[in-house]
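K.L.:
Got a structure here, written out as structure tokens. Questions coming.
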Amino acid sequence: MLKLLNFSVDPWDLDKFGNNADRMEAFLDRHGIAGFEMIQYANWDDCAVPKSRIVAAHSCFWPSWLDFWREDRDSLMRQFGDEATCREYYGFDSKSELVGYYRQSLDRAQAAGVKYVVFHVSHAEMEHAYTYGFPYGDEEITDAFIDMMNEIVGGSIYDFDIVFENHWYPGLTLLDRGVAEKLINGFKHPRKGFVLDIGHMMNTDLELTSESEAADYIADKLKSLGSLARMIKVVHLNSSLTGEYVRQVIKEESAYNPTLDFKTRHSLLYKHISMIDTHQPFMDPSIRRVIELASPDYLVYEFCVETLPELEHCVMSQNGVMDGIS
């Protein structure tokens, strides 16, 4: 099992290391980390990240994409207000451009020699991200996602695994074996599997009060997957005990304000999501049992911090819990 660290070419990440490749290499070596799982939204060629340390890629993700894929202009205008705002959010005007964008990103990953590429399988409109009153279900979203992925990949065969990450919003939650099986069987590419994101799984149960309770919960869900659990190739390790916050937001009718302009609503949504998905180290040793049960090829530390000392503290703390797992 290789240990990786999530990273990106955003200055927010690069500046932690002074945009210096040697410092990145030293950090990884100091903490026994093989390399990076890179968020793939920009060209890696122009940044200081050592190319030999780019082990995996995480595709860009639009949290609300279903109506764009279906070309439902009425629904898009309801959400975005006008064509210009919609175009700014996605970066293009048509599903064919979306397909082209993802094909280019997969080709870039192939050229970089990555071992796997991650895709999120979920969808939530802004309002429903607060209210949890979803008018769409796991199967509806998964069916559309399968169609999209098969069109993106086409007849191409890549040398890496394409893996699908669970989320707490509708789509692939890994709580429903039937949905997970449909996704794996419906996607027409020979190299495929799942990413188990620990924090995201914790976010599917708003009653969890401790990490040890969360570990029991996740272990139970893995057992419910049966043989499908063997398709878990990657684990994203982090902790989010935020059920109390979410329950409170759901009760507050004023948590989402549709009268605000889209940019303001989007900025507030980002803050809201960061309060749900906190990306903290998982400090209870019970998580070792979950990792052993999942038996992934890659264990990715996913932390959200502002400074290098904070990142170092998180990595050292998580290593202290995970020592002994190989």
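Rule-based calculations on the coordinates, nothing more; no lab input. Quick caveat, the model's predicted, so the values are computed rather than measured. We place every Cβ from the backbone using ideal geometry, glycine too, and count neighbours over all the protein chains shown.
K.L.:
Please work out which residue is surrounded by the most Cβ atoms within 10 Å (Cβ to Cβ), limiting yourself to the range 156-184 and to residues that are aliphatic (A, V, I, L, M) and more than 17 Å from the chain's Cα centre (by Cα). Even if it seems obvious, please write down each step before you answer.
P.N.:
First, pick out the residues of the range 156-184 that are aliphatic (A, V, I, L, M): 157, 162-163, 172, 174-175, 179-180, 183-184.
Filter once more, keeping what is more than 17 Å from the chain's Cα centre (by Cα): 157, 179, 184.
Values: I157: 9, V179: 21, I184: 16.
Checked the range 156-184; the qualifying residue surrounded by the most Cβ atoms within 10 Å (Cβ to Cβ) is V179.
K.L.:
Would you mention how many residues in the range 118-157 are in a strand (DSSP E or B) and touching a Lys or Arg at 6+ places or on another chain (Cβ under 6 Å)?
P.N.:
Final tally of qualifying residues: 0.
K.L.:
Let me ask something else about it. Within the range 309-321, track down each residue that is surrounded by 15 or more Cβ atoms within 10 Å (Cβ to Cβ) and in contact (Cβ under 8 Å) with a residue 60 or more places away in the chain.
P.N.:
L311, E312, V315, Q318, N319
K.L.:
Give, as residue ranges, the helices (runs of 4 or more DSSP H) completely inside the range 1-109 that count at least 2 residues that are aliphatic (A, V, I, L, M), over 21 Å from L311 (Cβ atoms) and touching a Cys at 6+ places or on another chain (Cβ under 8 Å).
P.N.:
73-80
K.L.:
Among the residues in the range 192-205, are any over 19 Å from the mean Cα position of the chain (by Cα) and surrounded by 15 or more Cβ atoms within 10 Å (Cβ to Cβ)? Break it down into steps so the answer makes sense when it comes.
P.N.:
Our first condition is that a residue be over 19 Å from the mean Cα position of the chain (by Cα); within the range 192-205, this holds for none.
No, every residue in the range 192-205 fails to be over 19 Å from the mean Cα position of the chain (by Cα) and surrounded by 15 or more Cβ atoms within 10 Å (Cβ to Cβ).
K.L.:
Please go through the range 69-112 and pick out each residue that is of a type in the set (S, T, Y), surrounded by fewer than 16 Cβ atoms within 10 Å (Cβ to Cβ) and within 21 Å of K263 (Cβ to Cβ).
P.N.:
S75
K.L.:
Looking only at the range 227-264, filter to residues that are of a type in the set (G, A, S) and exposed (fewer than 11 other Cβ atoms within 10 Å of the Cβ); which one of those is nearest to the chain's Cα centre (by Cα)?
P.N.:
Initial filter on the range 227-264 (of a type in the set (G, A, S)): 227, 229, 239-240, 243, 254-255.
Filter once more, so that each one left must be exposed (fewer than 11 other Cβ atoms within 10 Å of the Cβ): 227, 254.
Details: S227: 23, S254: 28 Å.
The qualifying residue nearest to the chain's Cα centre (by Cα) is S227.
K.L.:
Which helices (runs of 4 or more DSSP H) sit wholly inside the range 211-326 and have at least 2 residues that are among the basic types (K, R)?
P.N.:
In the range 211-326, 211-224, 243-251, 262-276, 287-294 are the helices (runs of 4 or more DSSP H) which contain 2 or more residues that are among the basic types (K, R).
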